[in-house]
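Undergrad: Got a structure for you, questions after.
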Amino acid sequence: MTAARQTWQVTLRGLRVFVRQPAYVALTLAQPLIWLLLFGALFKAITQIPGFHGGSYIDFLTPGIVVMLAVSSAGWTGMGFIDDIAGGVMDRELASPVWRGALNAGSVIYAALVVALQTVLIVLLALALGANYVGGVGGVLLLILVAALLAAAFASLSNGVALLARQREALIGAVSFVILPLTFLSSALMQESLVPGWIRTVAKFNPVNWAVVAGRSAAMQHIDWGLVASRIGLLVAVALLSATLATRAFARYQRSL
Amino acid sequence: MTAAISASELRKSYPPEVRALDGLSISVAEGTIFGLLGPNGAGKSTTVRVLATLTRPDGGSAQVAGVDVLADPVGVRRAIGVVGQKHGCAPEATGRENLVLQGEFYGISGRELRTRVAESLERFGLGDAADRAAKTYSGGMQRRLDIAMGLLHRPQVLFLDEPTTGLDPEARVEMWQEIERLAQQERMTILLTTHYMEEADRLASRLAIVDRGRVVVEGTPGELKSGLRGDTIHVELDKAQGGEAREALASLDGVEEVSLEGATLHARAIDGGAAIPAVLAALDARGVRALSVTLARPSLDEVYLRHAGRAFARADSEREEVAA
């Protein structure tokens, strides 16, 4: 109970920062729209590749953009910890009896909520551009869930890296290093049957791809329940695992003080 | 009297070879202000971090409010308030939000929390600024918010790590009055670190002078100063005449503890005023030119010099150079 209250208070702190910075809100909300329009224009021709059967280009790309954005948006979550460490906030919090898991979980939930909001915007814009959500509202909700779970996993990892490295540069390096390879080693932008075999193999183990596959099946196609449920299960497991690692990283951080 | 804080033989090193704590021991009686005085890098903040369970020592043991810091860190955290060197408040949140968040971290909530937050804002003169972001506060206001946050859960022991560093003189005096009030009216045990002699002298009922990770001398400010017996004479010398100057004073009656630090000669005399002419004559006889002669009455600066073997200001700036 106390743990839940503390987690919510940490989430609330993030949400307040978010709504009090109108420029930040505008950028966060504009980003998904720009991505969808740019990637949509760039990859319009993929529907003409022989063997492509993903329907219209907007139908195919929308879940891919959602997932890419979830990773890149949540990847920066650790910046908050780095600011808190530099400002003395982290040490004050750690000198209190607060449950360490709440410090991570609170910021992770905040990151997931922002991603959920961004996903809603992408979904609406894609709808305006003619996307056909075969899965209906339920399918779209599952797409949002999948994006939020993936965001949660990466937000925890980002927090963990922040606690271990404590340097902005290190976190920027780690996030930039990871985002594009993980996106390209998935079917986010290209149909699985059209990518080289080794990428297909790697993608099987890539959480980003689990989210793309599940989101696409749920929202844009006739849902494959077995596929969606298993990928959601895997994403939940990864999110819990990375939350555990991030919570443990507090002890590592304190040892270095 | 029972000890609210006791630390025994604390050791801690940071790789590759910084020995932050080298067998530091202190004991703080309940309801008193204890000062840890020393230059930058002496080990004061590391001591606070160990006692506040932010980090673990490599060796030694410590109890705070009767709880062992290694065996039950969470128990210690419940009993203490910590005001660190840096502002611990979230800059983008308002004063009120900072206090509420802090209260929740200590398991206080609901009406109880709202009441305490409102009282605390009034008490620290932040009532009008309660709903403004903390980053818009002046240095003194931020420091008051830090202390309000450290006290919200009514701790038995309060750690104040360099509470007035960076404050303007007016805000510093206000902070001193607040700290005195906490000790007198609330009988709170306070461990204060500072590198201001004046601050330690005014606030601490007992103090330990810390140098290179250990306590070099401990006592009340009065005891430490009266232990000096007499005045200190500082002679600033021309070029490299230090050796000769030291010899010149070594055999002089009424002058003792002659030591050389760089181009400055330190010596102690029971009656400094009477000794100065003799000191100048002795230097002159050897052809040593004195650039300036200063006489210092007993002060904590002199206590530090005597026990740490070097002048406080010099140790302080040396450390800063190393840090930079």
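Coordinate-derived values only; no laboratory data. For clarity, every value in this text was computed on a predicted model and none was experimentally measured. Backbone-built Cβ (ideal geometry, glycine too); neighbour counts: all protein chains shown.
Undergrad: With a sphere of radius 14 Å drawn around the Cβ of B:D231, what net charge do the other residues whose Cβ falls strictly inside it have (Lys, Arg +1; Asp, Glu -1)?
TA: Result for the neighbourhood of B:D231: 0.
Undergrad: In addition: How large is ³J(HN,Hα) for each residue in the stretch A:136-149, as worked out from phi by the Karplus curve 6.51 cos²θ - 1.76 cosθ + 1.60 (θ = phi - 60°), to whole Hz, x for Gly and Pro?
TA: Rounded to whole hertz, the list is x, 4, x, x, 5, 4, 5, 4, 5, 4, 4, 4, 5, 5.
Undergrad: For B:L70, what charge total do you get from the other residues with a beta carbon under 15 Å from its beta carbon, if Lys and Arg give +1 and Asp and Glu give -1?
TA: Local charge sum for B:L70: +2.
Undergrad: Quick one: Debye curve from the C-alpha atoms of the stretch B:3-220, no solvent, what's log10 I(q)/I(0) at q = 0.11, 0.12, 0.16 Å⁻¹?
TA: Debye curve over Cα of the stretch B:3-220, log10 I(q)/I(0) at q = 0.11, 0.12, 0.16 Å⁻¹: -0.52, -0.61, -1.08.
Undergrad: While we're here: Along the charge dipole of the protein assembly as shown, which of A:V175, B:S25, B:L36 sits closest to the positive end, that is, farthest toward it, with unit charges on the beta carbon of Lys, Arg, Asp and Glu (+1, +1, -1, -1)?
TA: With unit charges placed on the Cβ atoms, the residue in question is A:V175.
Undergrad: So how tilted is helix A:22-42 from the main axis of chain A? Cα-based, degrees 0 to 90, rounded to 10.
TA: 30 degrees
Undergrad: List the lysines whose Cα sits under 28 Å from the Cα of B:K135, skipping any in the same chain fewer than 8 residues away.
TA: The qualifying lysines are B:K44, B:K86.
Undergrad: So, one more: State to the nearest 20 debye the size of the charge dipole of the stretch B:3-220 about its Cα centre, where the only charges are +1 on K and R beta carbons and -1 on D and E beta carbons.
TA: Its charge dipole is roughly 380 debye.
Undergrad: For the stretch B:229-297, what mean projected area does the convex hull of the alpha carbons give, in nm²?
TA: For the Cα atoms of the stretch B:229-297, the hull's average projected area reads 3.8 nm².
Undergrad: While we're here: Would you tally the net charge around B:L21, using a Cβ to Cβ cut-off of less than 13 Å, leaving B:L21 out, and scoring K and R as +1, D and E as -1?
TA: Summing Lys and Arg as +1 and Asp and Glu as -1 gives +4.
Undergrad: Do you know the relative contact order of chain B, to the nearest whole percent, from alpha carbon pairs under 8 angstrom that are 6+ apart?
TA: After rounding, I find 20 percent.
Undergrad: Regarding the stretch B:39-120, what's the average projected area of the Cα-atom convex hull, expressed in nm²?
TA: 7.0 nm²
Undergrad: Taking a quarter of the surface of the convex hull around the Cα atoms of the protein assembly as shown, what do you get in nm²?
TA: Projected over every direction and averaged, the Cα hull of the protein assembly as shown covers 33.0 nm².
Undergrad: With Rg and the Kirkwood Rh both taken from Cα atoms, where does Rg over Rh land for the stretch B:1-85?
TA: 0.94
Undergrad: Moving on to the next point. In degrees, nearest 10, range 0 to 90: what is the angle between the Cα axis of helix A:78-87 and the longest Cα principal axis of chain A?
TA: 20 degrees
Undergrad: On full extension of the chain, what length is gained from B:R212 through B:V18, given 0.36 nm per residue of separation minus the C-alpha to C-alpha distance?
TA: Going from the current span to full extension adds 68.9 nm.
Undergrad: Please compute the modelled spin-label separation between B:E122 and A:L141, points set 7 Å along Cα→Cβ, answer in nm with one decimal.
TA: 4.8 nm
Undergrad: Right, another one. Could you grab the relative contact order for the stretch B:229-297? Cα pairs under 8 Å, six or more apart, rounded to a whole percent.
TA: 48 percent
Undergrad: Quick one: what does P(r) look like for the stretch A:2-255 with 10 Å bins over all Cα pairs, in whole %?
TA: For the stretch A:2-255, the pair-distance distribution reads 7, 31, 34, 19, 7, 1, 0.
Undergrad: So how tilted is helix B:169-186 from the main axis of chain B? Cα-based, degrees 0 to 90, rounded to 10.
TA: That helix lies at roughly 70 degrees to the long axis.
Undergrad: What percent do you get for the relative contact order of chain A when only Cα pairs under 8 Å and 6+ apart count?
TA: In percent, rounded to a whole number, it is 27.
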